[in-house]
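Only one structure is covered here, and it is reproduced in the block below.
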Amino acid sequence: MILSVHDLSVTLGGSHILQGVSFDVPPTGITALLGRNGVGKTTTLRAVLGEIPATGSVDFGGVPALGRPTHRLVRDGLGYVPEDRCVFAGLTVAENLRLAVRSQDPDFRTVFGLFPELKQRSDQSAGTLSGGQQQMLALARVLLNPQRLLLIDEPTKGLAPAVISAVAAALERMAERVPMLLVEQNLAVVRRLARDAVVLAAGRVAWHGPTEELLGDPARTRDLLGVGSTVRRP
Amino acid sequence: MSTVVLLTLTGLGLAALYFLIASGLSLVFGLAGVLNFAHGLFLSVGAYAGWFVATHWALGPAIPVGVAAGAATGALVELVVIRPLYRRPTEQVLATVGLSLAGVALLQSIWGADPRSYPRPAWTAHTTGVLGAQVPDDRFLLIGAAVLVLAALLAFLRWTRYGLIIRAGVENRAMVSALGIDVRAAFTLVFTLGGALAGAAGVLGGMYFGSVSPGQGAGLLIFAFIVVVIGGLGSVTGCAVAAVAVGLLQQFVNYYGTSGAGDVSVVALLAVVLLLRPGGVAGKVTA
Amino acid sequence: MKALIPLVLAVALPWSTLDIPFLFDGPLNSPGTLQLLGVCLVFGGLALGYDLLFGHAGLLSFGHALFIALGAYGVGILVNHFYWPLWTAVLLAVAGAAIAAFLLGAVALRVTGIALAMVTLAFAQVGWIVVNRDPGGLTGGEEGLPLGPAAVPGFLVGVANTVNLYWLALAFLVVVVAIVHGIRRAPLGRVLTGLRDDERRIAVLGLSPYRIKLATFVLAGALAALGGVVYVLLTGGATPYLASTDLTLSLIVMAVLGGAGTRWGALLGGIVYAYLDQRLTHVGGSLPGPLGQPLFVLGTLFVLAVAFVPGGLAGLRRRTLSATAS
């Protein structure tokens, strides 16, 4: 297991967001982290990353992670692509990428192979990119460095269907090289990419197993993920 | 006409002083989120260090010594007081409030509460004719220093890796950490940088006003705060624009209106800017 | 009603001839000691009034001194230059400060957080500038404005009547405590706490956060002005210090040292701070180097308290209590 989360609890502003979340992420492939809005998916990622205080234990690559500063975990190969991309709007595309470079030998070949558009737009300021382009830039930032696990939060949120498809394809290619923990609302994307799924409900793990077992059962899907969840083809 | 020229250049001299104080303040707030009340202390420490060197040794090294003293104070404050309070922003502000009170009292216990006269280069006492106005040369010293600092700061932010980190951190500091960068090293850097600029402002301000007193920094700090808010927190260019606006407004209204009206009009300008654009001229929306 | 015991003690204190060496220079009922205690009580009230904004409503205002100065200088100017009777002047000065708080608050409270701190700081700076520039000889500039003794009722004048001034200060403190604690208990208190913690929650309830904040701002401004008036009566005149940012910073220090947002924290912090400030000034000359500067000692104490004693004196007491209970 590349990541083992055990009994993770988070209290923010007096309310218990996470109440003893436990799950594992295998060292290959994509694991989906699912659940309705507000169940604590993003909180889980941020707690693992050390951005918010949490109790319990998190083990990343055999080393306890809780309490370690975020930047050290990231340097150890924990890549993070946050919700809403968080590219630096005032910096150019090239500057965004340059900022992310940590290794002696950044992998620009892979990045520009996956996202050739970024090369053409390298002098454009990131704030003027489209949502899809910003997402590609956010993914590119983690791909420049050697990684052991990627935490990716809602990469297709707010994107047009054609762009969702492109992002999903990119994620699929990335997953050949590095395991991922993926938060995603679009169940078609989940079905296409994720082998396993962890479902959160009310701050706890409500279900854990192969994705097909979850999404292949409409009643279970509706029960765990809400009535509105439908499996759309990307 | 010559009055207007003289007022403009005097206003720009004042603007230069405000810019030297406010740019560091703005970067510290923009990156580290700390409203630094101790910034006036950095200025006073720099001013007294420069004064000490100038009166006991020579005038030449006063500026580098003042800059070094301000930088050292800034770094020390960040490492000893601000860093342990990381993630407790209100406490950080309060701690700088306590530091500013204690620091001014400390200076007062060493050099007394009364202003000390500040030595200055002989050439600054001369005047130069500009478009019919006789302008004292100390204005040019301040304006020149500020322009130099502005250019250097912009180049630093634009072309260096730490500049890149600071610009990104002003936008979203958590994301900088999430890229594997120790953003706290950048905090120490901006505090040191801010301290250095404040130290320079202390020495140059001492030469400009002809005296130094323990509370001088705190008095200038309020106008620097106004410049920072008008300019937009974390923006060096916005800071420069706002400093010029504030310096000129203050100088002209003080001359043509009653005494003190210039200071009041600066506050009015702040109120107007905040109501129209809560994020300041540069428009970065910060709570 | 445990609070009544210290109140009774405070009321009865001027009848005591107890001499506490080191803490006070003379017996408790000596004019010097009563004056010192009176100033402590005024600052207790001022700090608690400020904490209504800072600790209870979460509004970080750096302009509180402005309203204290409006009360102090308002009374001084009306009495000295316009020969108004004292009590009418007090009423008008406090009402004027409340109106000023309303107008300035209406502008300042449109922004929040650091921007609010900056705007209030800037507004107060105007007060400081005006007081020091001495427009029309009204404020006396750096010299301050001594209150003409002719206008003050006889029972408040002279060393022998210091005890009455002490009681006046106590009465001011009781008024502030009654108002602040009344608000804490009333539904408004819970609304204020809600505002401090999450403004959206209050907006959801259909209440206007802006109006509630403005009302609190006006009330705190009026209490500050009243405190300024009592301070002037107690010390004989207004000084520019009352309009300075340093005074506001001191109030913040008092509230935080005592424990912001608690029942008695700010009050206690104000009393302790004012006591230390006066005593350290008094014994300062005999202490070496920076220790002779009260602000150096208090500022350093404050930084240490912020770093190591979260919750101030009130938090310390709570922790000690829970430690002894377990």
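Just one of A:G20, A:G90, A:G50, A:G79 is in contact with a helix residue (DSSP H, G or I) (Cβ under 9 Å, 6 or more places away or on another chain), of a type outside the set (D, E, K, R) and not in a loop (DSSP other than H, G, I, E, B); which is it? Break it down stepwise before answering.
Details: A:G20 fails: in contact with a helix residue (DSSP H, G or I) (Cβ under 9 Å, 6 or more places away or on another chain); A:G90 fails: not in a loop (DSSP other than H, G, I, E, B); A:G50 fails: not in a loop (DSSP other than H, G, I, E, B).
Result of the check over A:G20, A:G90, A:G50, A:G79: A:G79.
Scan the range A:67-88 residue by residue and report those that are at the interface with chain B (Cβ under 7 Å from one of its Cβ atoms) and farther than 22 Å from A:G132 by Cβ.
Within the range A:67-88, A:T70, A:H71, A:V74, A:R75 meet the criteria.
Examine the range C:235-248 for a residue that is within 13 Å of chain B (Cβ to nearest Cβ) and outside any helix (DSSP H, G or I), and state whether such a residue exists.
Scanning the range C:235-248, I find at least one residue that is within 13 Å of chain B (Cβ to nearest Cβ) and outside any helix (DSSP H, G or I), so the answer is yes.
If you check B:G180, B:G163, which single one turns out to be assigned to a helix (DSSP H, G or I), within 14 Å of chain A (Cβ to nearest Cβ) and small (G, A, S)?
On the way: B:G180 fails: assigned to a helix (DSSP H, G or I).
Only one candidate passes the filter, namely B:G163.
Looking at the range C:134-147, is at least one residue of a type in the set (A, V, I, L, M) and part of a helix (DSSP H, G or I)?
To start, the set of residues in the range C:134-147 that are of a type in the set (A, V, I, L, M) comprises C:138, C:145, C:147.
Now drop any that are not part of a helix (DSSP H, G or I), which leaves none.
Among the residues of the range C:134-147, not one is of a type in the set (A, V, I, L, M) and part of a helix (DSSP H, G or I), which makes the answer no.
B:H39 passes all but one of (1) under 12 Å from the mean Cα position of the chain (by Cα); (2) closer than 20 Å to B:F140 by Cβ; which number fails?
Failing condition for B:H39: (2).
Which of the helices (runs of 4 or more DSSP H) found entirely inside the range B:36-119 contain at least 2 residues meeting this: within 14 Å of chain C (Cβ to nearest Cβ) and crowded, with 24+ Cβ neighbours inside 10 Å? Reasoning before the result, please.
Details: elements: B:39-56, B:62-77, B:89-111.
Output list reads B:39-56, B:89-111.
Within the range B:255-273, restricting attention to residues that are more than 7 Å from chain C (Cβ to nearest Cβ) and crowded, with 20+ Cβ neighbours inside 10 Å, which residue is farthest from C:M118 (Cα to Cα)? First the steps, then the outcome.
In the first step, residues of the range B:255-273 are kept if they are more than 7 Å from chain C (Cβ to nearest Cβ); the result is B:255-258, B:261-262, B:265-266, B:268-269, B:272-273.
Next, from what is left, pick out any that are crowded, with 20+ Cβ neighbours inside 10 Å: B:262, B:266, B:273.
Working: B:G262: 18, B:V266: 13, B:V273: 12 Å.
Looking at the filtered set, the residue picked out is B:G262.
State which residue is nearest to the chain's Cα centre (by Cα) when the search covers only the range C:129-183 and only residues that are within 14 Å of chain B (Cβ to nearest Cβ) and among the charged types (D, E, K, R). Let's see the steps before the verdict.
In the first step, residues of the range C:129-183 are kept if they are within 14 Å of chain B (Cβ to nearest Cβ); the result is C:129-139, C:141-142.
Now restrict to residues that are among the charged types (D, E, K, R): C:133-134, C:142.
Details: C:R133: 25, C:D134: 24, C:E142: 22 Å.
Ranking the candidates gives C:E142 first.
When the residues of the range A:54-87 are filtered to those that are of a type in the set (D, E, K, R) and within 16 Å of A:K41 (Cβ to Cβ), which remaining residue is surrounded by the most Cβ atoms within 10 Å (Cβ to Cβ)?
Here is the first cut: in the range A:54-87, the residues of a type in the set (D, E, K, R) are A:59, A:68, A:72, A:75-76, A:83-85.
Those left that are additionally within 16 Å of A:K41 (Cβ to Cβ): A:83-84.
Details: A:E83: 15, A:D84: 13.
Restricting to residues being of a type in the set (D, E, K, R) and within 16 Å of A:K41 (Cβ to Cβ), the top hit is A:E83.
Which count do you get for residues in the range C:83-106 that are closer than 28 Å to B:L94 by Cβ and either part of a loop (DSSP other than H, G, I, E, B) or at pLDDT below 85 (or both)?
0
Just one of C:A186, C:A151, C:A122 is hydrophobic (A, V, I, L, M, F, W, C) and loosely packed, with under 15 Cβ neighbours inside 10 Å; which is it? Steps first, answer last, please.
Details: C:A151 fails: loosely packed, with under 15 Cβ neighbours inside 10 Å; C:A122 fails: loosely packed, with under 15 Cβ neighbours inside 10 Å.
Of the residues listed, the single one that is hydrophobic (A, V, I, L, M, F, W, C) and loosely packed, with under 15 Cβ neighbours inside 10 Å is C:A186.
So, A:L150, is that one in contact with a strand residue (DSSP E or B) (Cβ under 7 Å, 6 or more places away or on another chain) and away from chain B (no Cβ under 14 Å) or not?
Values: in contact with a strand residue (DSSP E or B) (Cβ under 7 Å, 6 or more places away or on another chain): yes; away from chain B (no Cβ under 14 Å): no.
Here the answer is no, as A:L150 does not meet what is asked.
Among the residues of the range C:299-311, write down those that are in a helix (DSSP H, G or I), farther than 12 Å from B:L94 by Cβ and more than 7 Å from every other protein chain (Cβ to nearest Cβ).
Going residue by residue through the range C:299-311, those that are in a helix (DSSP H, G or I) are C:299-308.
Pick out the ones that are also farther than 12 Å from B:L94 by Cβ and you get C:300-301, C:308.
Once the filter is applied, which keeps residues that are in a helix (DSSP H, G or I), farther than 12 Å from B:L94 by Cβ and more than 7 Å from every other protein chain (Cβ to nearest Cβ), the range C:299-311 yields C:L301, C:F308.
Restricting to the range C:54-77, count the residues that are buried (at least 21 other Cβ atoms within 10 Å of the Cβ) and not in a loop (DSSP other than H, G, I, E, B).
Going through the range C:54-77 one residue at a time, the tally reaches 16.
Test of understanding: among A:L91, A:L45, which residue is within 17 Å of B:A174 (Cα to Cα), facing another protein chain (nearest Cβ under 9 Å), in contact with a strand residue (DSSP E or B) (Cβ under 9 Å, 6 or more places away or on another chain) and crowded, with 19+ Cβ neighbours inside 10 Å?
Checking each option against the conditions leaves just A:L91.
Test B:T258 against the criterion of being part of a loop (DSSP other than H, G, I, E, B), among the β-branched types (V, I, T), closer than 24 Å to B:L99 by Cβ and modelled with pLDDT under 90, and give yes or no.
Working: part of a loop (DSSP other than H, G, I, E, B): yes; among the β-branched types (V, I, T): yes; closer than 24 Å to B:L99 by Cβ: no; modelled with pLDDT under 90: yes.
Taking the combined requirement at face value, the residue does not satisfy it.
Each row is one residue, and each column tells you yes or no for (1) away from chain B (no Cβ under 14 Å); (2) assigned to a helix (DSSP H, G or I); (3) in contact with a strand residue (DSSP E or B) (Cβ under 7 Å, 6 or more places away or on another chain); (4) crowded, with 24+ Cβ neighbours inside 10 Å.
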{"residue": "C:R211", "(1), (2), (3), (4)": "yes, yes, no, no"}
{"residue": "C:A215", "(1), (2), (3), (4)": "yes, yes, no, no"}
{"residue": "C:L223", "(1), (2), (3), (4)": "yes, yes, no, yes"}
{"residue": "C:M254", "(1), (2), (3), (4)": "no, yes, no, yes"}
{"residue": "C:L268", "(1), (2), (3), (4)": "yes, yes, no, no"}
{"residue": "C:Y275", "(1), (2), (3), (4)": "yes, yes, no, no"}
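Quick one: which of B:G194, B:G205, B:G169, B:G199 is part of a helix (DSSP H, G or I), farther than 19 Å from B:Y118 by Cβ and away from chain A (no Cβ under 14 Å)?
Working: B:G205 fails: farther than 19 Å from B:Y118 by Cβ; B:G169 fails: away from chain A (no Cβ under 14 Å); B:G199 fails: farther than 19 Å from B:Y118 by Cβ.
The conditions single out B:G194.
The values are calculated or read from the model by the stated rules, or taken from the named source; none is laboratory data. This is a predicted model, so every value here is computed, not measured. FYI the Cβ positions are ideal-geometry reconstructions off the backbone, even for glycines, and counts take in every protein chain you see.
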